[in-house]
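Participant: This is the structure I want to talk about, given as C-alpha cells.
The values are calculated or read from the model by the stated rules, or taken from the named source; none is laboratory data. All values derive from a computational prediction rather than experimental measurement. Positions of Cβ are backbone-derived with ideal geometry, glycine not excepted, and every protein chain shown enters the neighbour counts. All accessible areas refer to the heavy atoms of the entire protein, side chains included, with ligands and DNA or RNA removed. Shrake-Rupley method; radii C 1.70, N 1.55, O 1.52, S 1.80 Å.
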Amino acid sequence: MRIDVISIFPEYLEPLRLSLLGKAQREGLLSLNLHNLRDFTHDRHRTVDDTPAGGGAGMVMKPEPWAEAFAHVLAAGRSAGHGEPLVIFPNPAGERFSQARAQELSGHDWLIFACGRYEGIDERVYDYLADSGIAVALLSLGDYVLNGGEVAVLAMTEAIVRLVPGVVGNPESVVEESHSNGLLEYPLYTKPAVWVDPAGTERAVPEVLLGGDHGKVAAWRREQSLERTRQRRPDLLEN
Ligand code: ADE
C-alpha cells in the first residue's frame, strides 16, 4: 500500500515511522510519503492561506499550492506503478470514520491524505479533483474540532494499515477486538491466577478462563462483550 500525506507540518506525521507501521515500511508492506504543502508555493513567505472571500474570521487555504502538490504526488505515485488513488480530506464536516471504513480502506492500493488547517481549504480544490476524475472522500474522526487534519491522519492511518494483511503478526488479534464485530471487546486477563493488589485485596481471574473448556470460554466472552456494549455503548446494539 502507498500512502501520501500533504501537510504544512509533515513532521507531525513522523510518529508513523515508529512501531508496527515502521516495521511495515521496512518490510515493504507500506510506502509512506510525506510532503510539505509549502514546497509548492513560489513566494518568499511560502504562503498557503489568504483571507476568506466574502469576509469573516480566519484564513482559507489557497487553491494553487494544493493543485501543484496533487500534480506532484499523482505523478510520483503513478510512476511508481500505482493505479488510481483515493484522496482523503480529514474534515469535521465529513462522513464519520469507523472500523468498517478502516477495513474497506485497508484494501486500497493508494491513499492520499490532504491535511487542511485554518478555517479550511478553498472549495474549488474539491471541485477540481472531482472534475479530474479523482475519487475524493471527506472523513471525520468524531464530532469535535481539531486544529488541523494531522492528528486525524495519524489515527486513521494506524487504524487502516494495521488491517493490511501481514502488518499485524497474528491475524487473529485483529479479528477479536472492539468494533471488529460491532461489539466492544470482552475483558482480558493474564497470569497470575490470583493477584494481590497493592491494597491487599485478592483478585482472581474468572474461573471459566482457567477451566480449559473452549466452548464455555467463548460463550462467557460473548456474554461479557454484549454486557459491556449494553452498558457503555448502547448505540452500537441498536445498529
Ligand atoms: N480536522 C479538524 N477536526 C477534525 C475532525 N474531527 N476529524 C477529522 N479532521 C478534522
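Participant: May I ask you to list the residues in region 45-62 that are of a type in the set (A, V, I, L, M) and either open to solvent by less than 60 Å² (accessible area, probe 1.4 Å) or touching a residue at least 12 places away in the same chain (Cβ under 8 Å) (or both)?
Facilitator: The answer is VAL48, ALA57, MET59, VAL60, MET61.
Participant: OK, next. Looking only at region 20-44, count how many residues are touching a helix residue (DSSP H, G or I) at 6+ places or on another chain (Cβ under 9 Å) and open to solvent by 90 Å² or more (accessible area, probe 1.4 Å).
Facilitator: Of the residues in region 20-44, 2 are touching a helix residue (DSSP H, G or I) at 6+ places or on another chain (Cβ under 9 Å) and open to solvent by 90 Å² or more (accessible area, probe 1.4 Å).
Participant: Could you please find all residues in region 75-91 being open to solvent by 60 Å² or more (accessible area, probe 1.4 Å) and touching a Phe, Trp or Tyr at 6+ places or on another chain (Cβ under 8 Å)?
Facilitator: GLU84
Participant: Out of LEU32, LEU20, which single residue is outside any loop (DSSP other than H, G, I, E, B) and more than 25 Å from ALA67 (Cβ to Cβ)?
Facilitator: Testing whether each residue is outside any loop (DSSP other than H, G, I, E, B) and more than 25 Å from ALA67 (Cβ to Cβ) leaves just LEU20.
Participant: Assigned to a helix (DSSP H, G or I), open to solvent by less than 30 Å² (accessible area, probe 1.4 Å), without any contact (Cβ under 8 Å) to a residue 40 or more places away in the chain and β-branched (Val, Ile, Thr) - does that describe any residue in region 197-207?
Facilitator: no
Participant: Consider region 152-196. How many of its residues are under 26 Å from PRO15 (Cβ atoms), open to solvent by 90 Å² or more (accessible area, probe 1.4 Å) and of a type in the set (D, E, K, R)?
Facilitator: 1
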